[in-house]
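Undergrad: First the structure, then my questions, so here it is.
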Amino acid sequence: MSEQITILGFAGSLRKGSYNRALLRAAAESLPEGDRLEIFDLDGIPPFNQDLEKQMPEIVKGFKAKIKAADAILIATPEHNFSIPGVLKNAIDWASRPYGDNSFEGKPVAIMSASTGMLGGARAQYHLRQTFVFLDMHPINKPEVIVTFARDKIDEQGKLTDETTRKIIKQLLESLVAWTQRLKQ
Ligand SMILES: Cc1cc2nc3c(=O)[nH]c(=O)nc-3n(C[C@H](O)[C@H](O)[C@H](O)COP(=O)(O)O)c2cc1C
């Protein structure tokens, strides 16, 4: 039998009604049986300050510990001004430090993005992939979960109502679990 996989998910939006947070909740409902998705809230992570990286804020220490303990990472992010939202990049920068203690090192990772626009955050996904190179992560290439016109697919209660999107999220998770098991061998 395959080993159980623990995934840590976080969203690049702090907004209560965030469509990207909604994607993470939908992902938790689509997990292969026996695997686990824990969602970490980036709210409260302070702006990165290199002076503090040897005595990191408690919330950052907790974030780093959860990343290290996870077998795989799942990021759901909006696109801000054609790139990665500052909130997400800031959290990634903290977790990559201090030099020599990059919590993401060697981790498999999958991305989803939702936007109210017609490109669904695709450009942010490609910028995120660029950071994965330095972080030495192992991203899933396909399927690409790019949720366009999110307002039409996620209702006011934050529930993903679009079945096609649900299916592709399920495929992404199956792919992430299989990839993680392969990397563990
Ligand atoms: C500062 C800012 C910049 C944005 N830039 C983009 C953008 O470049 N591309 C895009 O598709 N949507 C952009 N949007 C719209 C977001 O797609 C939309 O706000 C989305 O709902 C944010 O995700 P969330 O619901 O998870 O918070 C921007 C929104 C904000 C607040």
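Undergrad: Checking P108 against (1) away from the ligand (no atom under 16 Å from the Cβ); (2) surrounded by fewer than 20 Cβ atoms within 10 Å (Cβ to Cβ); (3) touching a residue at least 12 places away in the same chain (Cβ under 8 Å), which single condition isn't satisfied?
TA: (2)
Undergrad: So, in the range 127-170, how many residues would count as being of a type in the set (G, A, S) and in a helix (DSSP H, G or I)?
TA: So the answer is 1.
Undergrad: Okay, next question. List the pairs whose first member sits in the range 166-181 and is over 14 Å from E3 (Cβ atoms), whose second member is in a helix (DSSP H, G or I), and whose Cβ atoms are under 7 Å apart, counting only residues at least 6 apart or on separate chains?
TA: Cβ pairs passing all conditions: R166/A26; I169/L23; I169/A26; I169/A27; L173/A27.
Undergrad: Looking at A124, A114, can you tell me which residue is aliphatic (A, V, I, L, M), open to solvent by less than 30 Å² (accessible area, probe 1.4 Å) and in contact with an Asp or Glu (Cβ under 8 Å, 6 or more places away or on another chain)?
TA: Details: A114 fails: in contact with an Asp or Glu (Cβ under 8 Å, 6 or more places away or on another chain).
Answer to the selection: A124.
Undergrad: Out of (1) open to solvent by less than 30 Å² (accessible area, probe 1.4 Å); (2) among the hydrophobic types (A, V, I, L, M, F, W, C); (3) out of contact with any helix residue (DSSP H, G or I) (no Cβ under 6 Å at 6 or more places or on another chain); (4) away from the ligand (no atom under 16 Å from the Cβ), what's the single condition that is false for I168?
TA: So I168 meets the others, but not (1).
Undergrad: Could you tell me which residue of the range 74-94 is farthest from the ligand (Cβ to nearest atom), considering only residues that are assigned to a strand (DSSP E or B) and under 12 Å from the mean Cα position of the chain (by Cα)?
TA: Among residues in the range 74-94 that are assigned to a strand (DSSP E or B) and under 12 Å from the mean Cα position of the chain (by Cα), the one farthest from the ligand (Cβ to nearest atom) is L74.
Undergrad: Another question about this same structure. Looking at A124, A114, which is the one that is over 22 Å from A28 (Cα atoms), touching a residue at least 12 places away in the same chain (Cβ under 8 Å) and among the hydrophobic types (A, V, I, L, M, F, W, C)?
TA: A124 is the lone residue from the list that is over 22 Å from A28 (Cα atoms), touching a residue at least 12 places away in the same chain (Cβ under 8 Å) and among the hydrophobic types (A, V, I, L, M, F, W, C).
Undergrad: Let me ask you something else. For the range 1-44, name all the residues that are in a loop (DSSP other than H, G, I, E, B), open to solvent by less than 60 Å² (accessible area, probe 1.4 Å) and more than 16 Å from the ligand (Cβ to nearest atom).
TA: I5, S30, L31, P32, G34, D35, G44, listed by residue number.
Undergrad: Can you name every residue in the range 87-105 that is in contact with a Gly (Cβ under 9 Å, 6 or more places away or on another chain) and either among the charged types (D, E, K, R) or open to solvent by 30 Å² or more (accessible area, probe 1.4 Å) (or both)?
TA: V87, K89, listed by residue number.
Undergrad: A follow-up question, please. For R97, only one of the following conditions fails: (1) closer than 22 Å to P46 by Cβ; (2) within 16 Å of the ligand (Cβ to nearest atom). What is its number?
TA: (2)
The values are calculated or read from the model by the stated rules, or taken from the named source; none is laboratory data. Keep in mind it's a predicted model, so treat the numbers as computed, not measured. With ideal geometry, Cβ positions are generated from the backbone for all residues, glycine too; neighbour counts draw on all protein chains shown. Just the protein is used for accessible areas: all its heavy atoms, side chains included, with ligands, DNA and RNA removed. Shrake-Rupley method; radii C 1.70, N 1.55, O 1.52, S 1.80 Å.
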